[in-house]
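Structure first, commentary second.
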Amino acid sequence: MSGAAAIAGGNEHSGLPRSKPMRTLSLVADRKIELVDVAAPPAPAAGEVQIAIKAIGLNHIDVWGWRGMAFAKRKLPLIVGVEAAGEITSAGPSVATCKAGDRVVAYGALTCGACKACREGRDNLCENVGSIMGFHVDGFARDLINMPARLVVPIPAGVSFRDAACAPVAFGTVQHMLFDNAKLEPGETILVQAGGSGVGTTAIKMAKAIGCTVITTVGDDEKAAKAKALGADHVINYRTDRFEGVVRKLTRKKGVDVAFEHVGPDTFNGSLLCLKRGGRLVTCGSTSGQSTTINLFQLYLQQYRIFGSFGCSIRNIRESLAKMAAGLMPVIDTEVPLAEFERGLNRLESRQVFGKIIVMF
Ligand SMILES: [Zn+2]
């Protein structure tokens with residue numbers, strides 16, 4: 001990442017010729033993001049492309065990074081933004097897969113591209129993964145970025161930058177959870193926790209698209225109506241009803257085939273209780289805390305299968321964009337301009353959202 005390195009330090013070296021400044025959004029302290037001008041990156045090196053960023057999707061990982069995480073190894077200031085869409089402005093030598101003018105999204109983890117997992121297309125299991133952009137190292141919230149061409153994926157015609165910006169993390173993560181890990185099949189029943197979130201709305205739509213029965217939980221009646229409008233068959237307000245009991249009733253005591261988790265301790269054991277024998281629980285997050293205890297008798301007697309899922313493969317991003325091109329669009333809660341990135345994070349943190357928050361350049 002010669003571009004990221006140059007940007008991080010380039011501004012301080014007064015002896016170097018200064019290129020045109022560009023905007024970045026930089027995390028300078030916990031809960032403090034500033035609009036900072038730095039020198040634009042150099043021309044893309046061999047194997048790299050330069051991308052003009054157009055839209056950024058916000059995710060809970062942005063909120064964690066913004067709040068500050070004691071265990072995360074990183075240095076501030078840090079350019080934020082973990083998923084983005086943009087347009088290639090120039091391509092470096094020996095780049096044959098894309099060219100200036102192509103609209104693309106980028107894979108935001110700096111994988112090695114050479115280990116067994118990378119070679120087999122299991123990018124999120126890379127043995128030498130360097131960092132997650134926007135969290136450990138500089139991310140996408142800047143006018144221009146240089147990226148390895150092998151990490152960019154073209155946006156199909158008819159899909160906007162705004163919608164495509166949801167592909168690398170929100171859509172890709174759900175695609176990987178449902179189809180690579182939980183192996184969700186048409187006709188199965190799925191419980192989607194927190195159906196109003198970015199991943200929750202995506203899971204509802206992807207599961208309905210293959211003909212599943214979807215039961216989802218939300219925190220208020222307004223979100224319940226919206227989840228219903230997305231196609232959810234049954235919506236449970238978890239503040240007024242115990243979801244475990246309702247799911248038991250809805251499935252005539254059988255339980256669901258798959259539970260889609262990302263809430264954590266508040267719902268994890270309840271989600272396990274909702275599974276039928278041999279059911280699968282897949283989780284990609286724990287917004288309500290880090291730890292929980294589980295009943296091991298229940299785990300093996302009921303033959304549950306639990307999948308931890310983080311990120312996705314580049315193939316999952318392609319699949320996500322293909323779904324968008326076929327009409328399965330992300331649910332957008334709000335668009336905010338670049339300078340209001342923190343307002344977007346506040347809104348996401350407050351959980352007063354239904355769908356995705358997108359920051360537009
Ligand atoms: Zn690798």
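Sort out which residues of the stretch 304-361 are of a type in the set (A, V, I, L, M), under 16 Å from residue 54 (Cβ atoms) and modelled with pLDDT under 95, and write them in order of number. Outline the logic, then answer.
To start, the set of residues in the stretch 304-361 that are of a type in the set (A, V, I, L, M) comprises 306, 314, 317, 321-322, 324-326, 328-329, 331-332, 336, 338-339, 345, 348, 353, 357-360.
Of the ones still in play, those that are also under 16 Å from residue 54 (Cβ atoms) are 321, 324, 332, 336, 338-339, 357-360.
Listed by number, the residues that qualify are 338, 339.
Name the residues in the stretch 124-151 that are of a type in the set (A, V, I, L, M), under 26 Å from residue 77 (Cβ atoms) and open to solvent by 20 Å² or more (accessible area, probe 1.4 Å), would you? Steps first, answer last, please.
Our first condition is that a residue be of a type in the set (A, V, I, L, M); within the stretch 124-151, this holds for 125, 129, 132-133, 137, 141, 144-145, 147, 149, 151.
Among the residues that remain, those that are also under 26 Å from residue 77 (Cβ atoms) are: 129, 132-133, 137, 141, 144-145, 147, 151.
Result: 129, 132, 137, 144.
Cβ-Cβ below 6 Å, separation at least six or inter-chain, first residue in the stretch 110-123 and open to solvent by less than 90 Å² (accessible area, probe 1.4 Å), second near the ligand (Cβ under 6 Å from one of its atoms) and not in a loop (DSSP other than H, G, I, E, B): which pairs?
111/118; 112/118
Just the residues that are open to solvent by less than 30 Å² (accessible area, probe 1.4 Å) and either farther than 16 Å from residue 83 by Cβ or not acidic (Asp, Glu) (or both), please, taken from the stretch 154-166.
Of the residues in the stretch 154-166, the ones open to solvent by less than 30 Å² (accessible area, probe 1.4 Å) are 155, 159, 163-166.
Residues satisfying the conditions are 155, 159, 164, 165, 166.
Filter the stretch 209-221 for residues that are modelled with pLDDT of 95 or more and either of a type in the set (Ser, Thr, Tyr) or under 15 Å from residue 355 (Cβ atoms) (or both) and give the result.
Across the stretch 209-221, the qualifying residues are 213, 216, 217, 218.
Among 169, 214, which is in contact (Cβ under 8 Å) with a residue 24 or more places away in the chain, of a type outside the set (Gly, Ala, Ser) and open to solvent by less than 10 Å² (accessible area, probe 1.4 Å)? I'd like the intermediate steps shown before the answer.
On the way: 169 fails: open to solvent by less than 10 Å² (accessible area, probe 1.4 Å).
Only one candidate passes the filter, namely 214.
Could you list all residues from the stretch 228-265 that are on the phi < 0 side of the Ramachandran plot and under 21 Å from the mean Cα position of the chain (by Cα)? Spell out the reasoning first.
Going through the stretch 228-265, the residues on the phi < 0 side of the Ramachandran plot turn out to be 228-230, 232-251, 254, 256-263, 265.
Within the stretch 228-265, 230, 258, 259, 260, 261, 262, 263, 265 qualify.
Do we have residue 84 as open to solvent by less than 70 Å² (accessible area, probe 1.4 Å), in a loop (DSSP other than H, G, I, E, B) and more than 16 Å from the ligand (Cβ to nearest atom) here? It would help to see each step written out before you state the result.
Values: open to solvent by less than 70 Å² (accessible area, probe 1.4 Å): yes; in a loop (DSSP other than H, G, I, E, B): no; more than 16 Å from the ligand (Cβ to nearest atom): yes.
So residue 84 fails the test.
Just to be sure I understand, how many residues within the stretch 321-349 are open to solvent by 50 Å² or more (accessible area, probe 1.4 Å), acidic (Asp, Glu) and part of a strand (DSSP E or B)?
Within the stretch 321-349, residues that are open to solvent by 50 Å² or more (accessible area, probe 1.4 Å), acidic (Asp, Glu) and part of a strand (DSSP E or B) number 1.
Residue 164 - would you say it is touching a Pro at 6+ places or on another chain (Cβ under 9 Å) and farther than 23 Å from residue 228 by Cα? Write out each step before concluding.
On the way: touching a Pro at 6+ places or on another chain (Cβ under 9 Å): yes; farther than 23 Å from residue 228 by Cα: yes.
When the stated conditions are applied, residue 164 passes them.
Taking the stretch 178-211 on its own, how many of its residues are surrounded by fewer than 24 Cβ atoms within 10 Å (Cβ to Cβ) and on the phi > 0 side of the Ramachandran plot?
Total satisfying the criteria: 3.
What is the residue count in the stretch 32-49 for residues that are open to solvent by 40 Å² or more (accessible area, probe 1.4 Å), β-branched (Val, Ile, Thr) and in contact with a helix residue (DSSP H, G or I) (Cβ under 9 Å, 6 or more places away or on another chain)?
Kept after step one, since they are open to solvent by 40 Å² or more (accessible area, probe 1.4 Å), are these residues of the stretch 32-49: 32, 34-37, 42-43, 45-46.
Among the residues that remain, those that are also β-branched (Val, Ile, Thr) are: 36.
After this cut, where a residue has to be in contact with a helix residue (DSSP H, G or I) (Cβ under 9 Å, 6 or more places away or on another chain) as well, the list is none.
The qualifying residues number 0.
The values are calculated or read from the model by the stated rules, or taken from the named source; none is laboratory data. Since we're looking at a predicted model, the values are computed, not measured. When we count neighbours, we look across all protein chains shown, and the Cβ atoms used for this are built from the backbone with ideal geometry, even at glycine. In case anyone asks, the SASA skips ligands and DNA or RNA and just uses the protein heavy atoms, side chains included. Shrake-Rupley method; radii C 1.70, N 1.55, O 1.52, S 1.80 Å.
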